[in-house]
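The values are calculated or read from the model by the stated rules, or taken from the named source; none is laboratory data. Source: prediction; values computed, not measured. Every residue, glycine among them, receives a Cβ derived from its backbone with ideal geometry; neighbour counts consider all protein chains shown. Quick note on the areas: whole protein, heavy atoms, side chains included, nothing else; ligands and nucleic acids left out. Shrake-Rupley method; radii C 1.70, N 1.55, O 1.52, S 1.80 Å.
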Amino acid sequence: MEMRHLGRTGLLVSRLGLGTMTWGRDTDEHEAAEQLKEFVEAGGNLVDTADVYADGGAEYLLSRLTDSVVPRSDLVIATKAGSVPESARRFDGSRGHLLAALDASLRRLGTDYVDLWQVHAFDPVTPVEETLTALDIAVTSGRARYVGVCDFSGWQLAKAATWQRAHHGRVPLAGAQLEYSLLQRGIEREALPAARDAGVGLLASSPLGRGVLTGKYRHGLPQDSRGASPYLSGFVQPYLGERSRRIVDAVATAADGLASSPLAVALAWVRDRPGVASALVGARTAAQLQAALSVEALTLPGEIRGALDDISSPVHRYPDQGWSEL
């Protein structure tokens, strides 16, 4: 699998990453082990998790597979902190919370460091410079090698990246994780141009439109799908409207013409967009992951890419219509 630099850093990540949001809840240890073996054998190295996935269960499960299934040295482990879904305070970017969460993640992961530590979301209550100080401490203390942010808007990302580069001794942001797919191109308005300008690599989450771009929902709601899951149905529902159906139909038509699958076409589109360092693929089973990994054999022809660009194009209005082209 092709390796790419994460932003303007020396960190090399596989252009497909393995997401673990279902691990420890919908994906058991046996399936997770099979996924990890398939992924590493295909040449992948980036494994993305978070302290809130399965209430820490995903990190713990990854620790049980590290070294017993694949060597720790073969993995780029990325995790996140700052999301507190059971609290009245939805996000906590305070230095105290973040560093305590990092220490807890390291214990669950059974490792002395993570390769990439990310703030899970922007906290409007905490000054951003305090949040960023926690990232500096994580790196200088050896608990993290690189740092990044998730789900920051364009101005939030630009402010954070500029703050880190403007002050001597601070750690530059390496990556920004944002949702990106043919069904969700909102980041192209400001966040993605900001990331590219700042030299921050994009980790594209939900590149398959939360599973909708695979075509599995074209004729109903499969009982074994995320859309039918009590945990994830609300996650899928926003992408089941008429606009999404038109885009999914176009992807299916392209797949037929290429003798490929809708999954591979949708994933290849995201993987090769400007600024994308890695597209993160989450699978419930090893068979699903294997289907996603097959995209390595596919590069979309220009005319098909252009047609998909057109049918999924986001609306650009003042003042970003003239300068946000990728």
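Close amide H pairs (under 5 Å, H built 1.01 Å from N) link residue 18 with 46, 47, 48, 281, residues at least 5 positions away or on another chain. Label-to-label distance, residue 107 versus residue 69, with points set 7 angstrom from Cα along the beta-carbon direction: 2.4 nm. Counting only protein heavy atoms and a 1.4 Å probe, the stretch 1-155 has 40 square angstrom of accessible area per residue. One entry in (1) 30, 26, 15; (2) 42, 21, 15; (3) 29, 24, 19 is semi-axes √(5λ) of the Cα gyration tensor in Å calculated from the shown coordinates; its label is (3). In sequence order, the stretch 168-182 has phi-based couplings of 4, x, 8, 8, x, 5, 8, x, 10, 9, 9, 5, 8, 6, 4 Hz under the Karplus curve 6.51 cos²θ - 1.76 cosθ + 1.60, θ = phi - 60°, and Gly or Pro positions carry x.
Where a ≥ b ≥ c are the square roots of the eigenvalues of the C-alpha gyration tensor, would you call the stretch 237-326 rounded, which needs a/c under 1.5, or, failing that, prolate if a/b is larger than b/c, or oblate?
On the way: a/c = 1.61, a/b = 1.54, b/c = 1.05.
Note, shape of the stretch 237-326 comes out prolate.
Near the amide H of residue 114, within less than 5 Å, lie the amide hydrogens of 144, 145, all on another chain or at least 5 residues away, with H placed in the peptide plane.
Please compute the per residue accessible area over the stretch 270-313 with all protein chains in place, 1.4 Å probe, rounded to a whole number of Å². Don't skip to the end; give the middle numbers.
Details: 1730 Å² over 44 residues.
The answer is 39 Å² per residue.
Per-residue Karplus couplings for the stretch 39-49, computed as 6.51 cos²θ - 1.76 cosθ + 1.60 with θ equal to phi - 60°, are listed in order as 5, 5, 5, 7, x, x, 9, 8, 10, 10, 9 Hz, Gly and Pro entered as x. With the highest mean first, a sort of the peptides 73-82, 128-137, 263-272 on other beta-carbon atoms found within 10 angstrom per residue produces 263-272, 73-82, 128-137.
Round to a whole number: what % of the accessible area of the chain belongs to carbon and sulfur, probe 1.4 Å? Provide the component values of the computation, followed by the final result.
On the way: 6930 of 13700 Å².
Ligands and nucleic acids excluded, carbon and sulfur give 51 percent.
Rounded to the nearest whole Hz, the Karplus-based 3J(HN,Hα) values (6.51 cos²θ - 1.76 cosθ + 1.60, θ = phi - 60°) of the stretch 245-257 follow the sequence 4, 5, 5, 4, 4, 5, 5, 5, 5, 4, 5, 4, x, with x at glycine and proline. Only lysines eight or more places from residue 159 in sequence, or on another chain, were considered; those with a Cα closer than 23 Å are 80.
Label separation (residue 317 vs residue 219): 3.9 nm, computed from points 7 Å beyond Cα along the C-beta direction. Computed packing ranks the peptides 175-182, 20-27, 119-126 as 175-182, 20-27, 119-126, most packed first, by mean other Cβ atoms within 10 Å. Label separation (residue 309 vs residue 297): 2.7 nm, computed from points 7 Å beyond Cα along the C-beta direction.
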